[in-house]
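None of the figures in this text is laboratory data; all of them are computed from the coordinates on show. What you see is a predicted model, and the numbers here were worked out from it, not measured in a lab. Cβ placement follows ideal geometry from the backbone for every residue including glycine, while neighbour counts extend to all protein chains displayed.
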Ligand SMILES: Cc1cc2nc3c(=O)[nH]c(=O)nc-3n(C[C@H](O)[C@H](O)[C@H](O)COP(=O)(O)O)c2cc1C
């Protein structure tokens, strides 16, 4: 069994992340290759403070229970799909903070990205691809890019209210893109299992 986590990169109340992550998990469970288990990992459930570990994650030293819990969750997966918005042309702070808590747990695994924003969230993903290199996390080419104006429906809603999320309306191309992404993440996660065995990693 290959275990893939869909990691929710926003922790805001009223976040669009809920509908995007839900669609990602439900669609992934339908289209993923055989032998793949897809699980939701919501940063909001881990309540991580701003990084407070005394030693860098690469050292392997862990002081806090919240880090152990987060590390055990991430360490149990073979690959990842990051669902991320773009904040100020970059990676959302809570997601980068959660990533920085760990190192070994990311090593020699595969990652794909589902992004959204007023411009598709692509700048956040370009940054995450740079971060992935340092984590020895192999990022796949396929990507789902969603636009908060055209992939959400605001009919009947008060669009002057900045807290409305709208109804998520992904189309067939997005399902096709997610299918390709899962094929790539699964193949690379499985191929890298041999590397993880050799390295004795999580
Ligand atoms: C702090 C903040 C900064 C944002 N900056 C950008 C941005 O630079 N580019 C963009 O496309 N959208 C930006 N947005 C819009 C978000 O992409 C959009 O609100 C999205 O729904 C945020 O994801 P969330 O609702 O899951 O938190 C920003 C939103 C927030 C809250």
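Taking only Cα atoms, what is the 0 to 90° angle, nearest 10, from helix 17-31's long axis to the longest principal axis of the chain?
With rounding to tens, the tilt is 70 degrees.
Quick one: angle between helix 65-75 and the longest Cα principal axis of the chain, in degrees between 0 and 90, rounded to 10, please.
90 degrees
Taking the alpha-carbon set of the range 33-122, what are its Rg and Dmax in Å?
Just the Cα atoms of the range 33-122 yield Rg and Dmax of 14.0, 41 Å.
Using Cα pairs closer than 8 Å and at least 6 residues apart in sequence, work out the relative contact order for the range 2-201, in percent.
After rounding, I find 25 percent.
Helix 172-199 versus the longest principal axis of the chain: what is the Cα-based angle in degrees, 0 to 90, to the nearest 10?
10 degrees
Mind telling me which of 110, 55, 187 comes out most flexible in a GNM of the chain, alpha-carbon contacts under 10 Å?
Among 110, 55, 187, the largest mean-square fluctuation in the Gaussian network model of the chain belongs to 55.
If you restrict to DSSP beta bridges whose two residues both lie in the range 2-201, what percentage is antiparallel, to the nearest 5?
DSSP beta bridges in the range 2-201 are roughly 10 percent antiparallel.
Return the tail of the calculated pair distribution for the chain, meaning the percent of Cα-Cα pairs more than 22 Å apart.
It works out to 46 percent of all Cα pairs.
So what is the 222 nm mean residue ellipticity for the chain from helices alone, if each DSSP H run of at least 4 adds -39500 (n - 2.57) and you divide by all residues, rounding to the nearest 500 deg cm²/dmol?
Rounded to the nearest 500, it is -12000 deg cm²/dmol.
Rounded to whole Å, give me the distance from the Cα center of the range 87-145 to that of the range 1-68.
Spelled out, the Cα-based centre of one part sits 12 Å from the other.
Going by how many other beta carbons lie within 10 Å of each one, how would you line up 59, 155, 189, fewest first?
Going from least to most buried by this count: 155, 59, 189.
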